[in-house]
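> This structure is in C-alpha cells; I'll ask about it shortly.
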Amino acid sequence: MALWSRSGRVRPQGGGFEPFAWYLIRITGLALFVLALTHFSILHFIFDPAEQTAEFITQERWNQVFWRGFDWLLLMMVIFHSFLGMRTIVRDYVRGGARTALLMGLYSLAAILFVLGTIVVMTLPMGGER
Amino acid sequence: MLLRYRGSEGMLAWAFHRISGIGIWAFVVLHVIDIYLVGGNPEAYDEILQIYASLPGRILEIVLGGALFYHALNGMRIIVMDFWPAMTVHHKRLWYINWVIFLVVGIPGAWIIIKPAFGM
C-alpha cells in the first residue's frame, strides 16, 4: 500500500521545460492562494455583485493604481497556473494530432486573455476622468 | 483515467482538484472577457452583472467560491507534501483538516453571498 497521495505530480527529473513547469505551477499557486482568495473576498464579501456596475469599477474598484496592479498580477498568475494545469490535463487524456491542436488552441486562448486583460486594466480611465 | 477507482481519500482529493481546476479555468476565461467589456461596452457589462446578482447567479458564485477554496486548500496540501515528503504519511489527515477549514469559512461565506437574494 503506497503512502503517496495521488494529488500531486512527482517532480520531473533532469532539466528543461518539465521541471520548470512543475515549479512554476507551485509558485503561481502560492501567489494565487493570496491573490485569488483576496480578490474573491473583496468582491463577494466586502462588496456585493449587485453594486458592481461598470461605473463602480472605474470610480471605485480600479480608481487606484495599487488595485489595478493587484488584479493585473492576479491575471498573470492565473493565466500561467490555469493554462499549465489545462496542459497537464490535455497531455493526460489526449494524444497525437488532437493533442497538438488542443494545446495550440489553449495557448492561443491564453495569449488572447493576456492581451484583453492587459488592455482593459491599462486603458480604462481612472475615476473622475469621464 | 478519471473514473478508475484507485482508493479512498487520495483519489478523491485528486479528482476534486482536477474538476475544480477545470471549472475555475472556465470562469477565468468568461471573467476576463466580461471585465474587458467594462472598457469596450459598459452597457453589456452591466447587463451581465444583473445575471451575477440574480439568485441562480449567486448559487453559481457559491459553487465557484467553493471550487476556488477547495482548490486553494488542497493545493497547499500538495505543496506541503512536495517540499516536506514526511508529511505524505499524513495525507488523509491533511485532507480532513482542509475540509474543516473549508466548512468553517465556507458556510458563513456562502450565507453572505446568498442573503441579498432574500432581501437580507
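> Report the one residue of A:TRP22, A:VAL121, A:THR38 whose Cα lies farthest in the direction of the positive end of the charge dipole of chain A (charges on C-beta: Lys and Arg +1, Asp and Glu -1; origin at the Cα centre).
Toward the positive end, the furthest listed residue is A:TRP22.
> Using a 1.4 Å probe on protein heavy atoms only, how many Å² of accessible area do A and B hide from each other, summed over both chains and rounded to 100?
It comes to approximately 4100 Å² buried between A and B.
> On to the next question. Would you mind working out the magnitude of the charge dipole of the protein assembly as shown relative to its Cα centre, with +1 at each Lys and Arg C-beta and -1 at each Asp and Glu C-beta, to the nearest 20 Debye?
The dipole magnitude comes to about 1420 debye.
> Could you give the accessible area per residue of region B:11-118, probe 1.4 Å, as a whole number in Å²?
About 50 Å² of surface per residue is accessible.
> Carbon and sulfur: what percent of chain B's accessible surface (1.4 Å probe)?
76 percent
> Still on this structure, please answer the following. How large is the convex hull of the C-alpha atoms of chain B per residue, in Å³?
So the per-residue Cα hull volume is 135 Å³.
> Using the Kirkwood radius over C-alpha pairs as Rh, can you work out the diffusion coefficient of the protein assembly as shown via Stokes-Einstein at 20 °C, viscosity 1.002 mPa s, in µm² per second?
Calculated translational D: 109 µm²/s.
> Would you mind telling me the share, in percent, of accessible area of region A:17-123 contributed by carbon and sulfur at probe 1.4 angstrom?
74 percent
> When Cβ neighbours within 10 Å are restricted to other protein chains, what is their mean count per residue of peptide B:33-44?
5
> Per 5 Å bin from zero, what fraction in whole % of the C-alpha pairs of chain A is there, up to the bin with the longest pair?
P(r) for chain A, in whole percents per bin: 2, 9, 14, 17, 18, 13, 10, 8, 6, 3, 1, 0, 0.
> Can you tell me what the convex hull of the Cα atoms of region A:28-96 projects to on average, as an area in nm²?
Mean orientational projected area (region A:28-96, Cα hull): 6.2 nm².
> In peptide B:102-109, how many Cβ atoms from other protein chains are near each Cβ within 10 Å, on average?
1
> Ok, one more. Could you report chain A's accessible area per residue, 1.4 Å probe, as an integer in Å²?
55 Å²
> When the helix-only estimate is applied to chain B (DSSP H runs of n ≥ 4, each -39,500 (n - 2.57), divided by the residue count), what is the mean residue ellipticity at 222 nm, nearest 500 deg cm²/dmol?
Calculated from helices alone, the mean residue ellipticity at 222 nm is -29000 deg cm²/dmol.
> By how many degrees, 0 to 90 and rounded to 10, does the Cα axis of helix A:96-123 deviate from the longest principal axis of chain A?
20 degrees
> Further, regarding this structure: What is the distance in Å between the Cα centres of region A:94-108 and region B:77-100?
33 Å
> Mind checking which of A:ILE46, A:ILE57, A:ILE79 has the largest fluctuation in a GNM of chain A, springs on alpha carbons under 10 Å?
It is A:ILE46.
> Still on this structure, I have one more. Give the ranking of A:VAL34, A:VAL121 by solvent-accessible surface, highest area first, calculated with a 1.4 Å probe.
A:VAL34, A:VAL121
> Ok, one more. Suppose every K and R has +1 on its Cβ and every D and E has -1 on its Cβ; what is the size of the dipole of region B:11-118 about the Cα centre, in Debye to the nearest 20?
660 debye
The values are calculated or read from the model by the stated rules, or taken from the named source; none is laboratory data. This structure is a prediction, so every number in the text was calculated from the model and none was measured. Because the Cβ atoms are built from the backbone with ideal geometry, glycine has one as well, and the counts that use them run over all protein chains shown. Just so you know, the surface numbers come from the protein's heavy atoms only, side chains and all, with ligands and any DNA or RNA stripped out. Shrake-Rupley method; radii C 1.70, N 1.55, O 1.52, S 1.80 Å.
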